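Contents: one structure, followed by commentary.
Each value in this text was obtained by applying a stated rule to the coordinates, not by laboratory testing. Predicted, not measured: the structure shown is a model, and the values here were computed from it. Reconstructed Cβ throughout: ideal geometry from the backbone, glycine too, with neighbour counts over all protein chains shown.
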Amino acid sequence: MTSKGKPSPRSAVKPLSDEQVAKLAQRHHLVDPTKEYPTGPRTPNDAEINAQNPKATARLLKGVSVVLSQRSKVYAWGLEHVPETGPFITAATHVTMYDVFVPMMSLFHLGRRPRFMAKAEMAHWPVIGKWFQIVGMQPVPRRSGKAKAIEAESINILTSGRPLTIWPEGTLTRDPQKWPMSMKSGVGYIALEASRRLGYQIPLYCSVTWGAASINQFWPWPRKNVVMCYDDRLDYADLLATQDSWGDEPPVELAQALADRVRARMEEVMAEIRGEQPPAEGYWDYRTMSRKPRPQISFRREGGETPFIAATQGAAPASAA
């Protein structure tokens, strides 16, 4: 089966302007993630790298970096948040296929080698499908009735000490203006259950990429701006507070609550990158293919400093929170 609907055309959104990138550069330290160690010297996780076809991975990384730098001007902030060791989860937006390659390239350039949750069809793509399998793609056969098996393997990846990257929307966003749409609860289930098994809250980061939606892949020049934010760690300790009473698995409502937090935070960060507000009518729900009102969601970033409330039309961009 194919996904419902089709992504909106490039004409639905405007390119990310140089003026907006300049505004972001005033608030954040933008780096070039197509380069090795863009945030400065780091200790690469050699055991993780060597365990995952290091030569083939290095070739793919070089090729991806060259192609992305030739077809776009890529910037990022927040990559210093990526841990040098231990498991962590990256929940990434999925506006275009750039949302696969930009975080993958960035994390590889920081000396980490996460496993990737990606639709199983990609494994059969010519040439690139083989590469994805080599560098650690975890295939997801959509609508196969194997959701629990996929979640179990993802949890095993994390509890073995490896990082994991997930695109929790499950497919390219169907929002007509290309905002993050409704999230599947799997990201919440995986984070909560893996954290329970390890005995601590596994770091969870939102990765938000914007700018590639207006790129013409057949003639991408002049190069468009693409910006990624690797956000502060998302705190979900309150959802783990009742874990002793969960039974065999986390409650569905807690898993969905965490997925909703991820969507809300992604929307806030994307609003800052784009310099505009998401539709006041609400977020795009994939199940109904229509907008739904935003629930009031309160959550904290790493360290518990600033509470973010995602609710409502006219909410302030992330930088103003």
TODO: Mind checking which aspartates and glutamates have their Cα closer than 18 Å to the Cα of Lys14? Skip sequence neighbours fewer than 8 apart in that chain.
DONE: Asp99, Asp175, Glu267, Glu272, Glu276
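Of the listed pairs Lys6/Lys184; Lys4/Lys148; Lys55/Lys178, which have alpha-carbon separations greater than 27 Å here? Provide the component values of the computation, followed by the final result.
On the way: Lys6/Lys184 18 Å; Lys4/Lys148 22 Å; Lys55/Lys178 36 Å.
Check vs 27 Å cut-off fails for Lys55/Lys178.
Assuming 1.306 mPa s and 10 °C, estimate D for region 44-96 with Stokes-Einstein, Rh taken as the Kirkwood radius over Cα pairs, in µm²/s. The partial results should precede the final answer.
Values: Rh = 13.7 Å.
Using the Kirkwood radius from Cα pairs, D works out to 116 µm²/s.
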Open item on the list: Suppose R0 equals 22 Å. What FRET efficiency, 1/(1 + (r/R0)^6) with r the Cβ-Cβ distance, do Arg223 and Glu36 give to the nearest 0.05?
Closed with: 0.60
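Could you order peptides 36-45, 88-97, 172-181 by the average number of other Cβ atoms within 10 Å of their residues, highest first?
On the way: 36-45: 14.0, 88-97: 24.1, 172-181: 21.5.
Result, highest mean Cβ count within 10 Å first: 88-97, 172-181, 36-45.
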Task: Net charge over other residues, Cβ less than 14 angstrom from the Cβ of Trp77 (K, R count +1; D, E count -1) - done: -3
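Can you tell me the length gained on complete extension of the stretch Ala152 to Ala51, counting 0.36 nm per residue apart and subtracting the Cα distance? Please list the in-between numbers first.
Numbers: separation 101, 0.36 × 101 = 36.36 nm, distance 2.09 nm.
Full-extension gain reported as 34.3 nm.
Which of rounded, prolate, oblate describes region 196-251, given a ≥ b ≥ c as roots of the alpha-carbon gyration tensor eigenvalues and a/c under 1.5 marking rounded, otherwise prolate only if a/b is larger than b/c? Could the numbers behind the result be given before it?
Details: a/c = 5.22, a/b = 3.40, b/c = 1.54.
It is prolate, given that a/c is not under 1.5 and a/b is the larger ratio.
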Task: Paired Rg and Dmax values of region 156-204, which use every Cα atom, in angstrom - done: 13.2, 41
Open item on the list: With the cut-off at 1.5 for a/c, could you classify region 1-47 from its C-alpha gyration tensor as rounded, prolate or oblate?
Closed with: oblate
